[in-house]
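Have a look at the structure below, then the notes.
The values are calculated or read from the model by the stated rules, or taken from the named source; none is laboratory data. Note that the structure is predicted; figures quoted are calculated from it, not measured. Quick reminder, even Gly has a Cβ in these numbers, built from the backbone with ideal geometry, and neighbours come from all protein chains shown. Areas reflect the complete protein model, heavy atoms only, side chains present, ligands, DNA and RNA absent. Shrake-Rupley method; radii C 1.70, N 1.55, O 1.52, S 1.80 Å.
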Amino acid sequence: MLKELFPNVVIEDLLVATGETFYMTLLAMVGTVIFGVLLGLLLYLTSNGGLWENKGLNILVATIVNIFRAIPFIILILLLIPFTTFLMGTFRGSNAALPALIIGAAPFYARLVEIGLREVDKGVIEAAQSMGAKAKTIIFKVLLPESMPALVSGATVTAIALIGSTAVAGVIGAGGLGDFAYYHGFVRRDFDVVFVCTVLIIIIVFIFQFLGDLITKKLDKR
């Protein structure tokens, strides 16, 4: 039945492409969360009234974040080809897509982290300071735990954006469902392949959204 509906879809190749999309999304998400949290903390801590208030550093970090957020992902991939080739030895394949995915998504997530940190009750921070807590303690015992629901919610939004970015990266040979849809579907005019890849990407988005919402609800104590 499926073969009749989608005669040009090779299930084995489709499964490989789906696995590559999950692989790129999950690994890129790990890097994005690490760098995004670091950048978000810097933006928050060095801002006016922050624990490490530093106007110059804040402007520098904010500028870097804003520049990379402003660059369209397809252009960012092309700009990073020399860096990716140096780092990975090639600019093709799932691993080669990771630097661009992380560099493209981390600044976006950093802003969501900053917003999440700003939602933390200042009274809790002041109480910790009045008890003599050091900056490190406030960061790891107050700021991050208190903002965790917002951080997870932001990570969910970022993961969904990353899924879309993996599809774009597939156009230049990064693998995954985007690659499969373009080279095995669009180029060959086999639009049943494009349709199936689109449906699978939507399903993956729903999976990430469901898991993200579930974790956020469990962490939110309000």
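Where does the charge balance sit around Val157 when Lys and Arg score +1, Asp and Glu -1, over other residues with C-beta under 13 Å from its C-beta?
Residues near Val157 contribute 0 overall.
Ile207 to Val10: FRET efficiency via 1/(1 + (r/R0)^6), r the Cβ-Cβ distance, R0 22 Å, to the nearest 0.05?
Calculated value: 0.45.
Heads up, I need the accessible area for Arg189: 1.4 angstrom probe, whole protein in place, Å², nearest 10.
150 Å²
Where does each of 100-111, 145-156, 55-66 land if you order them by average Cβ count within 10 Å, highest first? Don't skip to the end; give the middle numbers.
Values: 100-111: 24.0, 145-156: 20.1, 55-66: 14.6.
Taking the mean over residues of other Cβ atoms within 10 Å, the ranking is 100-111, 145-156, 55-66.
Any chance you could give the angle, 0 to 90 degrees and rounded to 10, that helix 144-169 forms with the longest Cα principal axis of the chain?
Once rounded, the angle reads 30 degrees.
Which angle between 0 and 90 degrees, to the nearest 10, do you get for helix 94-118 versus the longest principal axis of the chain when only C-alpha atoms count?
30 degrees
In whole percent, what relative contact order does the chain give with Cα contacts below 8 Å and a gap of six or more residues?
27 percent
For region 93-144, which semi-axes, largest first and in whole Å, follow from the square roots of 5 times the eigenvalues of its Cα gyration tensor?
Here the semi-axes work out to 34, 12, 6 Å.
Kindly rank 210-220, 196-206 from highest to lowest mean number of other beta carbons found within 10 Å of each residue.
Output ranking for 210-220, 196-206: 196-206, 210-220.
First compute the accessible area of region 11-219 with a 1.4 Å probe, then give the percent of it belonging to carbon and sulfur atoms.
Roughly 71 percent, rounded to a whole number.
Against the longest principal axis of the chain, how steep is helix 55-70, in degrees 0 to 90 to the nearest 10, with axes from Cα atoms?
The two axes meet at around 20 degrees.
Protein chains only, probe 1.4 Å: how do Met88, Met29 rank by accessible area, largest first?
Of Met88, Met29, the descending order of accessible area is Met88, Met29.
Give me the one-decimal nm value for the distance between modelled label points at Phe191 and Met131, 7 Å along each residue's Cα-to-Cβ direction.
It is 6.4 nm.
Would you kindly work out the equivalent ellipsoid of region 11-219 from its C-alpha gyration tensor and give its semi-axes, the square roots of five times the eigenvalues, largest first in whole Å?
Values: eigenvalues 274, 77, 27 Å².
The three semi-axes for region 11-219 are 37, 20, 12 Å.
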